[in-house]
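The values are calculated or read from the model by the stated rules, or taken from the named source; none is laboratory data. These numbers come from a predicted model, not from an experiment. As a convention, Cβ positions derive from the backbone with ideal geometry for all residues, glycine included, and neighbour counts pool all protein chains shown.
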Amino acid sequence: MFSLKKGDLKTDEEDKALQENVVTYTQYDDLVDFAEDHAFNTDQDTFINKEMKDLISVPEEWSNLFNAINHLRVMNKFHPAFLFENLEFIATFCKESCQNLRSNISKNGLMLTNEMFKNKEAMQSEKYKDSITKFLHVVLPAVFARTVYDKVFIAKEAKNAVAQCMTNFVSPDTLTIIMNEGCKNRINNKTLTEISYTSFMKDLVSSADFK
């Protein structure tokens, strides 16, 4: 088991340097499994508890944080049992990645959550139900807040993630988390719930079978 937590935000100068670098988002279909000689396969404990932690231990090394997210995306695609058995240990990292003020880190974090929520077999497994619920209480508010972000490509990714979650984890907890978060946050005198409901939540709520 492992616990991941990123460091503080970078300076303006570091953000500028980040923007000057070309960032390539790997699409889900293009993700490839760890090589046979990769540490995940040869020494999983060291990879998780040392290498993964090292990737996010230095705030200035933004590319390491980006790569750490990609590693989790690979786990979700090829090793979902491992990932979903350790949700409580990656929850904070996932939340803070989605909240990151750097657009490329936030987008990649949202891509991770979207892909996790899209993992129908895992999301609907009774084995993971309790851990998924706890994970959602930590991560989903951050994802939902991004659905009204001023950068459209971020908001789109967040909306996709929320939609996948409501589709594949049909539980009163999902709607409760969204409603609680939506009512707490206001933008231009409107609650997040009001804004998101008219833009995309209405159809999701009406089609979901929350029992």
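Kindly check whether there is at least one residue in region 26-47 that is within 27 Å of residue 171 (Cβ to Cβ), out of contact with any strand residue (DSSP E or B) (no Cβ under 6 Å at 6 or more places or on another chain) and of a type in the set (A, V, I, L, M).
no
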One residue from 117, 82, 89, 93 being closer than 22 Å to residue 26 by Cα, surrounded by fewer than 20 Cβ atoms within 10 Å (Cβ to Cβ) and of a type in the set (A, V, I, L, M, F, W, C): 82
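Taking residue 140 as the residue in question, decide whether it is touching a residue at least 24 places away in the same chain (Cβ under 8 Å) and not in a helix (DSSP H, G or I). Break it down into steps so the answer makes sense when it comes.
Numbers: touching a residue at least 24 places away in the same chain (Cβ under 8 Å): yes; not in a helix (DSSP H, G or I): no.
So residue 140 fails the test.
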Scan of region 122-153 for residues that are over 12 Å from the mean Cα position of the chain (by Cα), crowded, with 18+ Cβ neighbours inside 10 Å and at pLDDT 90 or above, ordered by number: 122, 123, 128, 132
Within region 39-57, tally of residues that are among the aliphatic types (A, V, I, L, M) and out of contact with any helix residue (DSSP H, G or I) (no Cβ under 7 Å at 6 or more places or on another chain): 1
